[in-house]
Amino acid sequence: MTGTDTQSSFLGRISIRRNQVNAMDGSHEQEIEDLDLFQKQVSDRFAEILSAPDDTPFDAFLSISWIRKLLDVFLGCEAECKAILLMGRDAAQISKPPLDRLIPELLDRVVKALDICNAIANGLELVRHCQKLAEIAVLALEQKPFGEGQSKRAKKALVSLISAMHLDDKEGSAHKTTDRNWSFGRRGGNKDRPLFGHYKSLSWQVARNWSASKQIHAMTMNVVPPRGPEASGLPSLIFIMNLIMVFVMWVLIAAIPCQERNGLTTHLPIPKNVNWTHTLTGLLEKIGDEWKKKEKKGMAGLLFEMQKMEKLGQSLIDFTDSFQYPGEKDKVEEAAKQVAELAEVCQRMEEGLGPLQMLIREVFHRLVRSRTEILDVLDQGAKSSAPLV
Amino acid sequence: MDGCQSTIPTSEGDLHVVAAAHHIVKALGATKNLSDDLRKILIDLDAHLSMITSNTDSKGGRGFVNVEERLKQAERKILSWESDPRMIWDSGPREASKYLEAVDEIQTLVDGLQGLSVHENRKQKELIHHAMSVLQMAMSRLEEELIHILVQRRQQFDPKHMTSRSTQRDVVYDESFVSVEDEPTEETSSRNCSGDEIGEYIVDLIHADVIPDIKSIAKVMFTSNYGPEFCEAFIGVRKETLEQYFAIIDTEKLSIEDVLKLEWTSMSSKMNKWTWSMKIIVRVYLANLKGHDSWLLELGEAVAMGPHQPEKLLRLLDMYETLADLLRDIDTLFSEEAGSFVRLQFHELLESLGDSSIAAFEAFRVAISSNGSLYPFPGGGVHPLNKYVMNYIRMFSEYCNTLNLLLKNQHVDVADQVIEPDNGPNLSLSTSCPMACHLRSITSSLESNLHRKSQLYKNEALQHIFLMNNIHYMVQKVKGSELRLFFGDEWIRKHNGKFQQHAKNYERATWSSVICFLKDDNPGSSSLSKQTFKERCKGFSIAFEEVYKTQTSWCIPDPQLREDLRISTSLKVVLAYRTFLGRNSAHIENKCVKHTVEHVEKFLLDLFEGSPRSLRNSRRW
């Protein structure tokens, strides 16, 4: 993680200054300084990801590696925020108003984020499944000599792939178990129809009636920039943290298929008049536009690799549909190029999905830990209030 | 099936035979009295023979006659099933094996044809192409058959049989797991689960007779490079199967948000139900373990991918350890290629089990610290959450090695961490091993939670009683088990101090105001005036009776602790009362001194029995 160097020095700076200042008064000024520094860090880091070079297509916007970078940034910001919040403070300081309201609200949002992480983890399993299907198709299409047998094989895998990608389009109602997906009367069964209905099983769900779009909406409630005398200091810090968390969760949901994303809002409460937020706003607009475009057609999530897979998949299905041995030369050549591209996408997925899954886990653990730590500090206050005899 | 090459004539001798045959065929074809059929056969044969001889330009001749014939034959078999509505494997082992033979034949022919020469001629290409098409058809069919076999077996699982006993089991399990006595029963020990109870309704979900079928399908599919399809289908069905079982046993999936909102009682019953059903399934699968290693695969996969509910942790650890042992002895179930796939799956599974165990551990902590109560726990006794957690973590010591391995990379925030030097030569048992650190952080979360719960009491004295009881309970649990090796003496000493502090706080909160009435304002002077004495007596009586009324309904479960507190209280109160009465002995009349010292002593024994009493209406003199 490239951020760790800057991060550790940042934390170092805070603790040194905190120790100095504790000797004197003016802790509020120092707080403001910390906050400014934090804001700058956040702004810089997000600007960095936005400006990734475009010559490496697989580091493109919303690709697996881009999302990994985003999550790294999130983890960095989260650690700093927590440090500022907790370092050198006792329970009394973080329980006074308005923090007595803001902090429990933050913790509630963290819980929602945990559920979203679970949903994303399920979604990544689906993505992995798609990868496996694509690999079967590539295997078939790269066979030499290539004939109708392999063509049918590839088509079957590709059709399963496309069908799996659009899994969450009509999700939502409590479904039956998947017996009927397997009940093939051999009469009337199209041999090439997709057989892999198992992803409609319970493992896909976080819980019955859970909805990713509703969670995000709930998380955005009450995220307002602090006003007046509160505008500087800890309330502002918490606001920034809320914003980042909501934003990152939103990006994940837009990119990766998960339970019930219909009606995902494209508005997040990012204030327009603050200078460091325009990077976030820019990203939000860009992703929001893509989302609106694709939502009507039904889609598999904006993940770059999935989009590519879908496009190539559709095109190759057309190819296999019309293929007759030995096939027209230019069509075969065109298909070969696409197969090579698809193979590359699979390779990228193979390399990147594992680390991404681990990163989501890491985010999950980190949020859990931070929440516990904050709760612990709040409890220290309760514990230590018992007077000694 | 031996190599195809031996049946394609390549030698000079063979070619002579072919030429001779061709000659004969031509001669026969010239006869006049041929039947139509025979004529057709001869024409066919002629064409083939011509082809063979015309191919002698390319590398010493190729004989495709046999190849094409064999291909046609195998194809016939496969096509005949395409239009058949029945499932092959339902129609008996003979049909199944004939089908597999046909597929095998085609694969062999393809191998042979592909290995023949570098200069591919048109005929050869056509044959290969044709064979591959037929092969694909067969593979598709085999996939369907495989799924059918697996699904069919699953449908024999009788849900009624399981659920009818579930409600019974619930009650038994509930009591024994969080028993008042706190005696470890069979149920609390994950390792000693008695197979008998569960054996009654173990349904052999994976019939032994099905496995050879699956193996044979796997072999054929892997040999033909259709391994990926086999794996996807196989894993898919098994995952789905497990989800179905869970659905049948009615374990509802809850989001983390939902779980945190649960009141303790419903959370507790859900946990119990879940653990019970998990046990059933794990035992069923593990019973088949010896011969059927592969079934552990999908079980593990399904479990690992599920929500990380804390109570799952022990099961995961069970599986992790079993799996780790297994990996040492795993032998090839399938062909080489399939075998390495299986091995890879096992390793991946082990990793994901490890991940899940860590996640479950974390979720356990979250669940503990977030478990909320709306109402104070009546009587101030030991809270069920406390019992549950302490009993649960007691079992962890069995998994010490595994947990240490899994947890060593986890960063632990240990605000209450007490560092202790190694206790002995065995490093893993020291109080500084990863598991010990995590256990302490768990109890720290528990403590914090208990503090929050104590705030629900309005009465400050009861808050202290509650905390005293619960911390004492925790210390007892640690001291009385292997946990003491992980927590260490320092922790025990510190927490002893804590509950003793709460005891003192209780005394102060309760009795200072009562004893106030008995205070000696002017040490040097003589006794109080009669009027003051009367008022003081009355005040003391009322205050004492109030305490009696309230605190007889409180509870201190541990007898030793109860005794200690009574003695300590008694010393203070009785002594003060006796002194007070003694100093003012001149004023004592029967009317104004409501209770004698002996009575007070006796009444104090009624406190903390958990049954409320009142002195108001009793005429105990």
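The values are calculated or read from the model by the stated rules, or taken from the named source; none is laboratory data. What you see is a predicted model, and the numbers here were worked out from it, not measured in a lab. Every residue, glycine among them, receives a Cβ derived from its backbone with ideal geometry; neighbour counts consider all protein chains shown. The accessibility values were calculated without ligands, DNA or RNA, using every heavy atom of the protein model including side chains. Shrake-Rupley method; radii C 1.70, N 1.55, O 1.52, S 1.80 Å.
Summary of values
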| read-out | value |
| --- | --- |
| Hey, A:Gln143 within 28 Å of A:Ala300 (Cβ to Cβ), of a type outside the set (Ser, Thr, Tyr), without any contact (Cβ under 8 Å) to a residue 12 or more places away in the chain and outside any helix (DSSP H, G or I) or not | yes |
| Answer from A:Gln357, A:Gln338, A:Gln314 - the residue that is assigned to a helix (DSSP H, G or I), open to solvent by 70 Å² or more (accessible area, probe 1.4 Å), of a type in the set (S, T, N, Q) and at pLDDT 85 or above | A:Gln314 |
| Top-ranked residue in segment A:360-374 [being touching a residue at least 12 places away in the same chain (Cβ under 8 Å), surrounded by fewer than 20 Cβ atoms within 10 Å (Cβ to Cβ) and facing another protein chain (nearest Cβ under 9 Å); ranked as nearest to B:Gly354 (Cα to Cα)] | A:Arg361 |
| Check on B:Val514, open to solvent by less than 60 Å² (accessible area, probe 1.4 Å), closer than 22 Å to B:His599 by Cα and aliphatic (A, V, I, L, M) | yes |
| Selection status of A:Leu133, in a helix (DSSP H, G or I), touching a residue at least 12 places away in the same chain (Cβ under 8 Å), open to solvent by 10 Å² or more (accessible area, probe 1.4 Å) and of a type in the set (A, V, I, L, M) | no |
| Scan of segment A:89-117 for residues that are part of a helix (DSSP H, G or I), touching a residue at least 60 places away in the same chain (Cβ under 8 Å) and among the basic types (Lys, Arg), ordered by number | A:Arg109, A:Lys112 |
| Positions within segment A:344-354 being surrounded by 17 or more Cβ atoms within 10 Å (Cβ to Cβ) and within 14 Å of another protein chain (Cβ to nearest Cβ), in sequence order | A:Cys346, A:Leu353 |
| Which numbered condition A:Pro225 fails, given (1) open to solvent by 10 Å² or more (accessible area, probe 1.4 Å); (2) in contact (Cβ under 8 Å) with a residue 12 or more places away in the chain; (3) assigned to a helix (DSSP H, G or I) | (3) |
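Residue-wise test of (1) among the β-branched types (Val, Ile, Thr); (2) not in a helix (DSSP H, G or I).
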position: A:Pro235; (1), (2): no, no
position: A:Ile240; (1), (2): yes, no
position: A:Val251; (1), (2): yes, no
position: A:Gln259; (1), (2): no, yes
position: A:Thr265; (1), (2): yes, yes
position: A:Thr277; (1), (2): yes, no
position: A:Glu290; (1), (2): no, no
position: A:Lys294; (1), (2): no, no
position: A:Leu302; (1), (2): no, yes
